[in-house]
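No lab work stands behind these numbers, since they all come straight from the coordinates. Remember, it's a predicted structure, so these values are computed and weren't measured experimentally. Using ideal geometry, Cβ is built from the backbone for each residue, glycine included, and neighbour counts are taken over all protein chains shown.
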Amino acid sequence: MGDLERGADDLRAALGAGWGPVRVVAETASTNGDLLADVGAPDRTVLVAEYQRAGRGRLDRSWTCAPGTGLTFSVLLRPGVPLLRWGWLPLLAGVAVHEALGAVAGVEVALKWPNDVLAGIGSDPASFGKVAGILAQTRGEAVVIGMGINVSAGRDALAVESATSLALCGALGLDRAELLAAVLARLDTRYSQWVDAGGDAETCGLGAAYRASCATLGQVVAVTGIDGSVARGSAVGVDSGGRLQVDVGGVVRMIGAGDVEHVRPG
């Protein structure tokens with residue numbers, strides 16, 4: 001039994017009455033897939049796995065994490081706000097992870113649009129690596145948000161060179177159960193505020209918090225769209241719908257989905 005399984009009861013108690021069931025399993029194919037299949041699950045149902053055999057990230061990329069070295073979990077939400085505002089949920093999750101990692105791990109953290117979480121040593125986000133990924137999927141009136149955080153993995157255990165872990169950023173000996181509780185607590189706060197505001201990110205302060213945390217803003221970026229097209233320009237803002245605003249030759253384009261690369265000078 002892993003430490004997350006041993007701490008499941010404490011986690012349930014810490015989260016309070018507003019949450020649905022919290023389950024911790026040793027292994028599954030995908031926590032997102034399991035919750036998407038659980039059509040009757042109530043709002044704020046949580047599924048945590050020590051190991052995922054087929055974890056996925058944005059743009060259908062694989063997400064691998066050796067057992068005991070990270071956090072892989074999903075949360076099912078039933079927002080009850082206009083569907084057009086659901087696009088903020090992945091960004092909301094990014095803000096929650098950003099806030100929790102900064103508080104518990106004490107590392108420098110930044111967001112890359114839309115919801116990659118970067119961490120590093122020092123204050124230059126250009127040198128940061130991806131420490132956490134977020135994937136949101138919908139089914140009917142529910143949204144499942146999956147999160148993967150590299151906690152203690154060493155360099156040789158990371159699947160890609162651009163990835164990092166909290167341990168590699170200097171946060172050693174972290175209690176994964178404590179970190180998970182912190183992420184869920186921040187998610188609860190941000191989500192409750194957003195729902196109470198009818199999904200209006202500006203009214204509840206989510207938009208301002210996201211922009212303050214987003215290292216993409218002010219950068220020269222190359223954005224690859226889902227159709228393979230590439231837009232290169234300066235990231236100048238995030239609009240009220242969560243879309244990235246990119247100045248391409250004097251014309252501001254609104255990017256709703258895509259893969260962003262921060263282009264280094266030179």
Item to check | Of every Cα-Cα pair in the stretch 147-212, the percent that sits beyond 17 Å | outcome: 57 percent
Checklist entry - Between A197 and E141, what is the FRET efficiency for a Förster distance of 25 Å, r being their Cβ-Cβ separation, to the nearest 0.05? => result 0.85
Item to check | Helix-only mean residue ellipticity at 222 nm for the chain, each DSSP H run of n ≥ 4 adding -39500 (n - 2.57), per residue, nearest 500 | outcome: -7500 deg cm²/dmol
Checklist entry - Dividing the Cα radius of gyration by the Kirkwood radius, what Rg/Rh value follows for the stretch 3-211? => result 0.93
Next on the checklist: Could you tell me what a quarter of the Cα convex hull surface of the stretch 217-262 works out to, in nm² with one decimal place?
Outcome noted: 2.8 nm²
Checklist entry - What percent does the relative contact order of the chain come to when contacts are Cα pairs within less than 8 Å and at least six residues apart? => result 16 percent
Next on the checklist: Out of all DSSP beta bridges in the stretch 3-211, what portion is antiparallel? Express it as a percent rounded to 5.
Outcome noted: 80 percent
Checklist outcome for this item: Restricting to Cα pairs under 8 Å and 6 or more apart, the percent relative contact order of the stretch 217-262 works out to 37 percent
